[in-house]
1. Looking only at the stretch A:70-87, filter to residues that are at pLDDT 95 or above and of a type in the set (S, T, Y); which one of those is farthest from A:E40 (Cα to Cα)?
2. So which residues in the stretch A:75-87 are within 11 Å of chain B (Cβ to nearest Cβ) and either surrounded by 14 or more Cβ atoms within 10 Å (Cβ to Cβ) or within 21 Å of B:D3 (Cα to Cα) (or both)?
3. Which condition from (1) at the interface with another protein chain (Cβ under 10 Å from one of its Cβ atoms); (2) modelled with pLDDT under 95; (3) within 26 Å of A:T9 (Cβ to Cβ) is the one that B:A90 breaks?
4. Quick check: anything in the stretch B:59-74 facing chain A (nearest Cβ under 7 Å), on the phi < 0 side of the Ramachandran plot and part of a loop (DSSP other than H, G, I, E, B)?
5. Considering only residues that are part of a helix (DSSP H, G or I) and more than 10 Å from chain A (Cβ to nearest Cβ), look in the stretch B:1-39 and name the one that is surrounded by the most Cβ atoms within 10 Å (Cβ to Cβ).
6. Can you go through B:S81, B:S49, B:S43, B:S39 and tell me which one is among the polar types (S, T, N, Q) and closer than 23 Å to A:G100 by Cα?
7. Against the condition touching a helix residue (DSSP H, G or I) at 6+ places or on another chain (Cβ under 9 Å), buried (at least 17 other Cβ atoms within 10 Å of the Cβ) and either facing another protein chain (nearest Cβ under 10 Å) or not aromatic (F, W, Y) (or both), how does A:L103 come out, does it pass?
There are 2 protein chains.
Amino acid sequence: MEDPCVEETCGVAKAVRVLDGKWTVRVIRGLLGGTRRFSELRSSLEGISPKTLTDRLRALERHGLVHRELYAEVPPRAEYSLTARGRDLAPALVALAAWGDKLDA
Amino acid sequence: MEDPCVEETCGVAKAVRVLDGKWTVRVIRGLLGGTRRFSELRSSLEGISPKTLTDRLRALERHGLVHRELYAEVPPRAEYSLTARGRDLAPALVALAAWGDKLDA
């Protein structure tokens, strides 16, 4: 990682573009344990609004990190899970969490 | 990482708070190779403005990730390096870069 970080080719820059913002990484973290309903995910993310969670999930779907499965029930039910690309983030998230754990709150 | 992500105790949330934004992680990446002058760092980060780089470096100093060494020369010279806390991010950044490398530009 000694070379210049050029927008189009730098892995860190490309990762940050997808993961930017206060909530994105936390939403992915919330799905590392497996498939979750919207309400389950929301209650695992203290302080997130339904609109923000919806927006983050849509963006993660667009980037191919999250899969949404819709069940034609009454009321309709949606379940969210990580795709292979999303699960591939696990090592980075585990390392990030270990580092963050050592910071003051 | 199965438990809820509560703002004060969740490692991922604490890490994101420090690393948020488009540039912060890229500035840290630019210092992984060792001590850099401001101008060296700036030219390794395509598209960053001097003001943004100054702001990011000041924030990283406040969070204890970056050390600034001032040399009383004419004109004064400043060199930036990662502290131990900053260097501890290397494994997470390497994992993030490997993941980002596989994304489309």
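The values are calculated or read from the model by the stated rules, or taken from the named source; none is laboratory data. Keep in mind that what you see is a predicted model, and the values were worked out from it rather than measured. All Cβ positions, even for glycine, are placed from backbone atoms using ideal geometry, and neighbour counts span all protein chains on display.
1. For the stretch A:70-87, the residue satisfying everything is A:T83.
2. Step one: list which residues in the stretch A:75-87 are within 11 Å of chain B (Cβ to nearest Cβ), which gives A:84-87.
Listed by number, the residues that qualify are A:R85, A:G86, A:R87.
3. Of everything listed in (1) at the interface with another protein chain (Cβ under 10 Å from one of its Cβ atoms); (2) modelled with pLDDT under 95; (3) within 26 Å of A:T9 (Cβ to Cβ), B:A90 misses just condition (2).
4. Taking the stretch B:59-74 and keeping what is facing chain A (nearest Cβ under 7 Å), we get none.
No, the stretch B:59-74 contains no residue that is facing chain A (nearest Cβ under 7 Å), on the phi < 0 side of the Ramachandran plot and part of a loop (DSSP other than H, G, I, E, B).
5. Initially, the stretch B:1-39 is screened for residues part of a helix (DSSP H, G or I), giving B:11-19, B:24-31, B:38-39.
With more than 10 Å from chain A (Cβ to nearest Cβ) added as a condition, the list becomes B:31, B:38-39.
Details: B:L31: 24, B:F38: 16, B:S39: 12.
Among them, the one singled out is B:L31.
6. Working: B:S49 fails: closer than 23 Å to A:G100 by Cα; B:S43 fails: closer than 23 Å to A:G100 by Cα; B:S39 fails: closer than 23 Å to A:G100 by Cα.
Sole residue among the options that is among the polar types (S, T, N, Q) and closer than 23 Å to A:G100 by Cα: B:S81.
7. Values: touching a helix residue (DSSP H, G or I) at 6+ places or on another chain (Cβ under 9 Å): yes; buried (at least 17 other Cβ atoms within 10 Å of the Cβ): no; either facing another protein chain (nearest Cβ under 10 Å) or not aromatic (F, W, Y) (or both): yes.
No, not satisfied.
Okay, residues lined up against (1) at pLDDT 95 or above; (2) out of contact with any strand residue (DSSP E or B) (no Cβ under 8 Å at 6 or more places or on another chain); (3) among the β-branched types (V, I, T):
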{"site": "B:P4", "(1), (2), (3)": "no, no, no"}
{"site": "B:V16", "(1), (2), (3)": "no, yes, yes"}
{"site": "B:G21", "(1), (2), (3)": "no, yes, no"}
{"site": "B:S39", "(1), (2), (3)": "no, yes, no"}
